[in-house]
Amino acid sequence: DGGITQSPKYLFRKEGQNVTLSCEQNLNHDAMYWYRQDPGQGLRLIYYSQIVNDFQKGDIAEGYSVSREKKESFPLTVTSAQKNPTAFYLCASRPQGSNTEAFFGQGTRLTVV
Amino acid sequence: GNSVTQMEGPVTLSEEAFLTINCTYTATGYPSLFWYVQYPGEGLQLLLKATKADDKGSNKGFEATYRKETTSFHLEKGSVQVSDSAVYFCALSGGRGSTLGRLYFGRGTQLTVWP
């Protein structure tokens, strides 16, 4: 089955540690996105990528980093510079074109203690 | 710039009640408009979409019409069920001057349906 997979579903880390969230898709989509979701704040865009080896900052990129070495993969690293990293993280992919829908993963809930 | 404004929640209804969740947008040109639904602990999934003015998107009894004159895309359902309890997001993409590839989301509206 085609889809977008995020792993793990739950992740715990100690403060000051970097952590990498995985996102893989087998839908052959060019564009991939990372969003952060906090209660009552909707979705906020962290980074997005339209093509392999290229990505752009979203609205809240500080403290995060990404890479796009393969079309299928768009991992997100939450660095120790991120002041409040505990949140629900959603990855999405989408074909090119403004009228296309985005497909979302099941999310990773990161808790930093 | 582009933006989406959704009705604040939460919305609480009894089963079989009529649902309206308001969504208005700011964009120039002809963006595409979407409604997504998120069930607890899950990612978002597309509920319906419309890509040009006066188009009506529909799915699972939900409907929304792309109204360019009022820059709106309100979500409606004639008779809600307990299983419709979720968070609903309005979104837009494209339009003149839009950043290529970006989707703009509203803040989401929590719907709870009681039996």
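The values are calculated or read from the model by the stated rules, or taken from the named source; none is laboratory data. From a predicted model like this one, the values you see are computed outputs, not experimental measurements. Cβ coordinates were reconstructed from backbone atoms using ideal geometry, including for glycine residues, and neighbour counts include every protein chain displayed. Surface accessibility is based on the protein's heavy atoms, side chains included, excluding ligands, DNA and RNA. Shrake-Rupley method; radii C 1.70, N 1.55, O 1.52, S 1.80 Å.
Quick look at the values:
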item	result
Those residues of segment B:67-114 which are β-branched (Val, Ile, Thr), more than 18 Å from A:Asp38 (Cα to Cα) and either touching a helix residue (DSSP H, G or I) at 6+ places or on another chain (Cβ under 6 Å) or open to solvent by 10 Å² or more (accessible area, probe 1.4 Å) (or both), in sequence order	B:Thr70, B:Thr71, B:Val82, B:Thr99, B:Thr112, B:Val113
For A:His29: the one exception among (1) closer than 26 Å to B:Phe34 by Cα; (2) part of a loop (DSSP other than H, G, I, E, B); (3) of a type outside the set (A, V, I, L, M, F, W, C); (4) free of Cβ contacts under 8 Å to residues at least 40 places away in the same chain	(4)
Lone unmet requirement of (1) open to solvent by less than 20 Å² (accessible area, probe 1.4 Å); (2) part of a strand (DSSP E or B) for A:Thr20	(1)
Close pairs from segment B:80-96: first more than 16 Å from B:Leu44 (Cα to Cα) and assigned to a strand (DSSP E or B), partner at pLDDT 95 or above and open to solvent by 10 Å² or more (accessible area, probe 1.4 Å), Cβ under 8 Å, at least 6 apart	none
The one condition in (1) of a type outside the set (Lys, Arg); (2) open to solvent by less than 30 Å² (accessible area, probe 1.4 Å); (3) assigned to a loop (DSSP other than H, G, I, E, B); (4) within 14 Å of chain A (Cβ to nearest Cβ) that B:Pro40 fails to fulfil	(2)
Check on A:Arg36, at pLDDT below 95, of a type in the set (Lys, Arg) and surrounded by 19 or more Cβ atoms within 10 Å (Cβ to Cβ)	no
From the options B:Ala53, B:Ala64, residue that is open to solvent by less than 80 Å² (accessible area, probe 1.4 Å), of a type outside the set (Asp, Glu), in a loop (DSSP other than H, G, I, E, B) and more than 24 Å from A:Gln37 (Cα to Cα)	B:Ala53
